[in-house]
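The values are calculated or read from the model by the stated rules, or taken from the named source; none is laboratory data. Just so we're clear, the structure is a prediction, and the values are computed from it rather than from any experiment. Cβ placement follows ideal geometry from the backbone for every residue including glycine, while neighbour counts extend to all protein chains displayed. Just so you know, the surface numbers come from the protein's heavy atoms only, side chains and all, with ligands and any DNA or RNA stripped out. Shrake-Rupley method; radii C 1.70, N 1.55, O 1.52, S 1.80 Å.
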Amino acid sequence: MADLTVTEPSPPKKAKYQISGEGDSREKGLESFSNFKVVKILQNKAESKVVFLHAKLDSNEEDAVVIVEKTPFSDDTIRQIVSADTKLKTHHINDIYGTYEGYPKPEFNGIKATVIYPATEKHLLKYTYQPLHNVEESADDYREITLPYLKAQQFHIQWVYNILDKKAETERIVFEDSDPITGFILLPSMQWDKKHIENMYLIAICHLRDLMSIRDLRAEHLPLLKNILSKGKKAIKEEFSVADDQLKIYFHYQPSYYHLHVHFTHLKFDAPGSSIGRAHLLTDVIENIEMVSDYYERKTLAFISQENNPLYLKFVEAKKEQIQSQDLDV
């Protein structure tokens, strides 16, 4: 999703966890959706076969967000789907072209489900469809609008520190450089099931805790960035046999959470936020900082925001005040 997300202000009683074919990433997971009731569909992305649902648990009526997506075909399963076991219903025939609706065996109808529970209003807002807007954020805008807004928020990124401190998800770590300045942890994104290499998606989370986004990067951070680039590519090649030239390595701006991290995705995977308007290639970031140390402090950065995002509303409000001020001057 190309959206701007500010993490919820208060730690929930239960953290985000995922249900997938490989088991739950929490100590306690779900065996079925028997206690869930769907309140409404927040968003249905037909092109990517993903549905975002607002749900409640029967036991306590607390809100949950359930993200359900169709899993990709694999070389093994497709051969069993295209077989006599799959029943077909004809839609239409025209010359050499035929369209059918197929009903494969249940074991080939797998889904991937991500559950956020308890979900806050910000979670519900994040996953609800909203019109998108492009925002041009100058250096002054960042100092006067974005940064004060971010400082006023109480960010809950304890889950990030749990990973860095080895209190959670240790079994998912692909690689770690433990250096406190240039080190990072590399692990799969929750969006990747680790079954389909074409959908590969990993995140490198740096150990430094005073960097929120690319806006904070300076020449002194070049060793960190180059270390993530070289060792991240090497680890992925050794672990998943994916070559350097099959990777897309980038930052998000605005990021979905404000602790510096880098995205590693397979070129075949059209990952959310990997296109122009949000993604900034790590190699470009390195080159820009090598030319001008405070490049990202000074540069106007564009980002895409949902219409009801609080930060976007701050920009709208500031623009109105600017227009009113200009009218008074006239």
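Tell me, yes or no, whether region 32-41 has at least one residue that is open to solvent by 40 Å² or more (accessible area, probe 1.4 Å), part of a loop (DSSP other than H, G, I, E, B) and either in contact with a His (Cβ under 7 Å, 6 or more places away or on another chain) or modelled with pLDDT under 50 (or both).
Checking region 32-41: not a single residue is open to solvent by 40 Å² or more (accessible area, probe 1.4 Å), part of a loop (DSSP other than H, G, I, E, B) and either in contact with a His (Cβ under 7 Å, 6 or more places away or on another chain) or modelled with pLDDT under 50 (or both).
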Quiz item: Tell me, which strands (runs of 3 or more DSSP E) wholly within region 252-313 include 2 or more residues that are small (Gly, Ala, Ser) and more than 24 Å from THR182 (Cα to Cα)?
Solution: 301-306
Practice problem: Collect the residues in region 180-206 that are in a loop (DSSP other than H, G, I, E, B), under 30 Å from THR300 (Cβ atoms) and open to solvent by less than 50 Å² (accessible area, probe 1.4 Å), keeping them in residue-number order. | Solution: THR182, SER189
Quiz item: Counting just the residues of region 42-65 that are touching a residue at least 12 places away in the same chain (Cβ under 8 Å) and assigned to a loop (DSSP other than H, G, I, E, B), which one comes out surrounded by the fewest Cβ atoms within 10 Å (Cβ to Cβ)?
Solution: SER59
Self-check item: Condition check for TYR253: under 17 Å from the mean Cα position of the chain (by Cα), among the aromatic types (Phe, Trp, Tyr) and within 25 Å of LYS194 (Cα to Cα)
Solution: no
Exercise. Quick one: in region 249-286, of everything that is in contact with a strand residue (DSSP E or B) (Cβ under 8 Å, 6 or more places away or on another chain) and among the hydroxyl-bearing types (Ser, Thr, Tyr), which residue is surrounded by the fewest Cβ atoms within 10 Å (Cβ to Cβ)?
Key: THR283
Quiz item: Restricting attention to region 251-298, and to residues there that are without any contact (Cβ under 8 Å) to a residue 24 or more places away in the chain and β-branched (Val, Ile, Thr), which single residue is farthest from THR146 (Cα to Cα)?
Solution: VAL292
Practice problem: Examine region 318-328 for a residue that is under 30 Å from ILE236 (Cβ atoms) and either free of Cβ contacts under 8 Å to residues at least 60 places away in the same chain or in contact with a Phe, Trp or Tyr (Cβ under 7 Å, 6 or more places away or on another chain) (or both), and state whether such a residue exists. | Solution: no
Practice problem: Within region 81-137, track down each residue that is of a type in the set (Ser, Thr, Tyr), closer than 17 Å to ASN308 by Cα and assigned to a loop (DSSP other than H, G, I, E, B). | Solution: THR120, THR128, TYR129
